[in-house]
Amino acid sequence: MNAGARQNYLAVGEQGTKKARSNGERTMKMETEARVEARIAERTGHACREARTGGKPRVFVAAENRLLREALSRMLVKGGDIEVAGIFMAEPFRAEELIKEEADILLLTSRGSMNEDLTAIRTVRACAPNVQILLIGMAGEETEFMQCVRAGVHGYLPKEASAEEVVEGVRAVQAGEAVCPGTLCALLFHYFERDAGVYGVVFSF
């Protein structure tokens, strides 16, 4: 290769390097701008949602029976201080919907099977740990209640709970309170008392 050809080759190579560098810088700039825009959109979306809901708890209703789902949804929004974020209608139970709809609370009615209830609770705790779970049980039995508490529910109401009790339960869970009937609350005290005796724990007041 003669000197002139070598100079042309080097010039072309240098231009290619500059072009590639320019393209790379442009791509990085676009990616950075896209990330910034995404963050702005995310913050704006959260701000809009907070303004829209006025701090209302967003409740996702999960019940197999259609009439029950609709009744619970109407009951929750009636007072105006609770928003229904969505309703589970498809099977199987998908905890991802809770994250998608930015739910605060899952109102879960028992499916009549202990294993199915525990699986749903554990799935939510694993996939959406910030979502509070209020379970409406089918029987209110002591064994069912204790297993659901261990699985991670934040509130538990028996199947015969009134509409007012369900709404108040949602409000209590949103406020960070534990919800359960008085008889089952006493059961918790007996449970911890028994464990304290087994492990030799001494409480002083």
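Values quoted throughout were computed directly from the atomic coordinates according to the rules given, and no laboratory measurement underlies them. Keep in mind that what you see is a predicted model, and the values were worked out from it rather than measured. Every residue, glycine among them, receives a Cβ derived from its backbone with ideal geometry; neighbour counts consider all protein chains shown.
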(message) Which one, V131, G112, V167, is farthest towards the positive end of the dipole of the range 88-188 when Lys and Arg carry +1 and Asp and Glu -1 on their Cβ?
(response) V131
(request) Give me the net charge of S113's neighbourhood, meaning all other residues with Cβ under 11 Å from the Cβ of S113; Lys, Arg count +1, Asp, Glu -1. (result) -3
